[in-house]
Amino acid sequence: MWQKITPFILVIILICACKAPETKIDLTKNTGTMIDIRDGQEYPWIKMKDDRIWLAKNLNYKSKESYCYNDDPINCKEHGRLYTWDAAMKSCPKGF
């Protein structure tokens, strides 16, 4: 079931990588938590060897053209939302 949407999840994870996000993240640490100021959701993050910051949880920001797998809100809560390309480009927190 989830094998079909893996490319979509991968796309949003790849899009949400950054070098210096504008959110308040302590870049002296290798891991932490980022709070999305738009909806208050928390996302763990990890610093990679190349100093890029990656979200360690799939994005679950509700925007136009985003949806839950099988239109079931439980899927969004557990696995994050699915996005069209345009929605993904607009949905990442500022700086990501």
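Take each of the peptides 61-67, 79-85, average the number of other beta-carbon atoms within 10 Å over its residues, and list them starting from the highest.
On the way: 61-67: 15.6, 79-85: 19.4.
Ranked by mean Cβ neighbours within 10 Å, highest first: 79-85, 61-67.
Within the shell of other residues whose beta carbon sits under 13 angstrom from the beta carbon of residue 73, the net charge comes to 0, with Lys and Arg scored +1 and Asp and Glu -1.
All of the numbers you see were taken from the coordinates with simple rules; none came from a lab. Quick caveat: nothing in here was measured; it's all calculated off a predicted structure. We place every Cβ from the backbone using ideal geometry, glycine too, and count neighbours over all the protein chains shown.
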